[in-house]
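Read the structure below first, then the notes.
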Amino acid sequence: MAKVDLAARIPNNVDLSSDRRLQRALEDWQPRFFDWWMEMGPEGFQADQVYLRTAIDVGRDGWAHFDHVRMPEYRWGIFLAPAEEGRVIPCGDHFGQPAWQKVPGEYRNMLRRIIVTQADTEPASVEQQRLLGQTAPSLYDLRNLFQVNVEEGRHLWAMVYLLHTYFGRDGREEAEDLLRRRSGNPDSPRILGTFNEPVEDWLSFFMFTTFTDRDGKFQLLALAESGFDPLSRTTRFMLTEEAHHMFVGETGVGRVIERTADLMNELKTEDPDAIRAHGGIDLPTIQRYLNRWFSSSINLFGGEQSSNAAHYFAAGLKGRYKELERFEDHVALDAAYELPTVVGDEVRREQIPLRNAMNEILRDDYVGDCEFVVDRWNRTLEKAGRPERLTLPHRRFNRDMGIYSGRPFDPEGRPIAPEVWEAQRDRWLPTRADVDFVRSLMQPELRVGRIAGWIAPPRKGINGNDFAWEYVRFDKSSAGVKLGAEPSRTG
Ligand code: BYC
Ligand code: FE
Ligand code: FE
């Protein structure tokens, strides 16, 4: 494998300097990425020094580098995980043949589409989160937000590298379009639904990084099983970054729950209004946010029966999670999947060809992982001595994609009448009043060691530092404004 070149204009371990044309094309794209970052990246913090982790290698020590840097000076690089000698196509019609090092001509369009869809989510999420810094509950959280943002920027680089390297002129055009589309813009929206929804407050951010980034984790795991080796290698390295995003989301929600439980204990009440009056987020509101972001994110797996998914698998472009370890039959041509379908008020089991069920199989793994997350959140309630529990809604609840969309289901997955949905909706999903309330709590707290009243401090800081530490050093010109926040608790 090429060695890591950190001094290059674009840090990389793909020997970029040996391919002048490619290097020039990427160096042309770099200032446009930069313009996009300044326009659509974190607003109001580009001049500040943020304690960020930068990839310097793909090995075990690759993440050892932490430093205070201005985000526009972050070293976005191109890093592929090491090639595995003798790697074969892990699934589909070409199972067992040597993995592709070049794009297989007959699958070019399909492969480009997968890469563009993956790529599009990365800048989309940065756009969705661009205003959150202004309401951060602590310096620690502010730093974590920015760490996630710069890494999503690097994920865009990872995909643009593939487009430029393997798809010629159309690849370069796709790379331009990735900087042109905008989250939530009706004229040029991002490709997938959830990435056009506003992330207006930090509870949404923590739910997004729990549930939407977790779709990212599972899609990347499926792409790590691609027979197109460069895609497999780049997604394998992206997964190491994804782990931190999962951490930010899960511990973020966990800390909100912890604070709420403490308030319930202190005040000796479960009354949501009382919790709200004391500046906490009541559990029913947390549950509604959970319902909203889980049900939105679960759409991202696509239709339950998908000929696209069957083609991707057959072509060996996208496998199942841990394809080689967990399955015996990697061709999956004669097998079936039992899909629950709803006819009238009855749930029936229908046999569908296994290859057409690949989206649903990945969704099964995702739902299982989400169940574990909710279990861990419930342990926080249990430890605080609270009897309340959060639940993951059924996958049929509130869908707007696939066979369960177009008719209502309750959070347990039972088909219900439209009138029942109308009557219960505000108990199950955040209302405008919920969102307004949560937003009203979002007052920035950017002083060292302080934390907003609606969330508990973390157990520990980043990279061995305390929670009370200067994770972001504000530029002199804006420090006064940023530190003039209302007094609040110390962490
Ligand atoms: N919204 O055949 P079907 C991440 C489209 S997240 C809107 O059932 P398919 C990240 C679909 O494209 C991971 N449209 O779907 C997270 C198709 O369009 P056409 C992102 C949707 O193709 C947080 C049509 O509906 N990576 O990394 O089997 C922060 C029929 O659908 C949606 C990937 O997604 C939707 N939710 O599966 C930062 C991996 N769902 O053909 C980053 C690459 C489906 O009618 N993508 N459609 O034009 C794929 O593998 C597949 O495209 C999908 C969809 C799994 C997304
Ligand atoms: Fe990402
Ligand atoms: Fe992510």
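Quick one: if you take sqrt(5λ) for each eigenvalue of the C-alpha gyration tensor of the stretch 444-486, what semi-axes come out, biggest first, whole angstrom?
For the stretch 444-486, the semi-axes come out at 20, 15, 5 Å.
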Open item on the list: I need the phi-derived Karplus couplings for the stretch 326-339: 6.51 cos²θ - 1.76 cosθ + 1.60, θ = phi - 60°, integer Hz, Gly and Pro marked x.
Closed with: 9, 10, 9, 9, 8, 9, 6, 8, 9, 8, 10, 10, 8, 9
TODO: Sort 58-71, 358-371 for me by packing, meaning the mean count of neighbouring Cβ atoms within 10 Å per residue, highest on top.
DONE: 358-371, 58-71
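Within 13 Å, Cβ to Cβ, of residue 350, how many net charges do the neighbouring residues add up to if Lys/Arg are +1 and Asp/Glu are -1? The partial results should precede the final answer.
Details: positive: 348, 349; negative: 304, 338, 346, 360.
Cβ neighbours under 13 Å give a net charge of -2.
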Open item on the list: If I model a spin label as a point 7 Å beyond the Cα along the Cα-Cβ vector, how far apart are those points for residue 187 and residue 426 in nm?
Closed with: 3.7 nm
- [ ] Would you mind ranking 347, 342 so that the residue whose beta carbon has the fewest other beta carbons within 10 Å leads the list?
- [x] 347, 342
Open item on the list: Expected output is a single nm value to one decimal: the length gained when fully extending between residue 383 and residue 170, i.e. 0.36 nm times separation in residues minus the C-alpha distance. What is it?
Closed with: 71.2 nm
Task: Footprinting exposure proxy for 334, 400 (fewest neighbouring C-beta atoms within 10 Å first) - done: 334, 400
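Lysine pairs in the chain 8 or more apart or on different chains: how many have alpha carbons under 20 angstrom apart?
Details: 102/318; 217/318; 217/322; 268/383; 383/460.
Eligible lysine pairs with Cα atoms under 20 Å apart amount to 5.
Can you show me the helix-derived [θ] at 222 nm for the chain, built from DSSP H runs with n ≥ 4 at -39,500 (n - 2.57) apiece and divided by the number of residues, rounded to the nearest 500.
On the way: 15 runs with 229 residues, N = 491.
The helix contribution divided over the chain gives -15500 deg cm²/dmol.
Out of the DSSP beta bridges found with both residues in the chain, what percent are antiparallel (nearest 5)? If you can, show how the numbers build up before the last one.
Working: 20 of 22 bridges.
That works out to approximately 90 percent antiparallel.
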TODO: Could I have the simple spin-label model distance between residue 247 and residue 376, label points 7 Å from Cα toward Cβ, reported in nm to one decimal?
DONE: 1.1 nm
TODO: At 7 Å along the Cα-to-beta-carbon direction for both residue 102 and residue 274, put a label point, then send me their distance in nm to one decimal.
DONE: 7.2 nm
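I want to verify the translational diffusion coefficient of the chain in µm²/s; compute it with Stokes-Einstein, Rh as the Kirkwood radius over Cα pairs, at 37 °C and 0.692 mPa s.
Working: Rh = 23.8 Å.
Roughly 138 µm²/s, to the nearest whole number.
What percent does the relative contact order of the stretch 76-161 come to when contacts are Cα pairs within less than 8 Å and at least six residues apart? Mind dumping the intermediate values first?
Numbers: 51 pairs, mean separation 35.2, N = 86.
Relative contact order for the stretch 76-161 comes out at 41 percent.
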Task: Chain lengthening between residue 21 and residue 326 when straightened (0.36 nm per residue, less Cα-Cα) - done: 105.7 nm
Task: Gyration tensor verdict on the stretch 72-116 (Cα atoms; rounded if a/c is under 1.5, prolate if a/b is larger than b/c, oblate otherwise) - done: oblate
TODO: Starting from the Cα of residue 83, move 7 Å in the Cα-to-Cβ direction to define the label point; list residues of the stretch 212-234 whose amide nitrogen is under 17 Å from there.
DONE: 226-234
Task: the stretch 211-229 and the stretch 365-415: distance between their alpha carbon centers, rounded to Å - done: 22 Å
Task: Net charge over other residues, Cβ less than 14 angstrom from the Cβ of residue 8 (K, R count +1; D, E count -1) - done: +1
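Please work out the FRET efficiency for the pair residue 475 and residue 35, using the Cβ-Cβ distance as r and a Förster radius of 22 Å; give the result to the nearest 0.05. Could the numbers behind the result be given before it?
Details: r = 21 Å, r/R0 = 0.93.
Calculated value: 0.60.
List the relative contact order of the chain as a percent without decimals, with contacts defined as Cα pairs under 8 Å and 6+ residues apart. Could you put the intermediate results ahead of the total?
Working: 814 pairs, mean separation 87.9, N = 491.
With pairs under 8 Å counted, the relative contact order is 18 percent.
Quick note: the coordinates plus some simple rules give every number you see, no bench work behind them. Everything numeric here is computed off the predicted structure, so don't read it as measured data. FYI the Cβ positions are ideal-geometry reconstructions off the backbone, even for glycines, and counts take in every protein chain you see.
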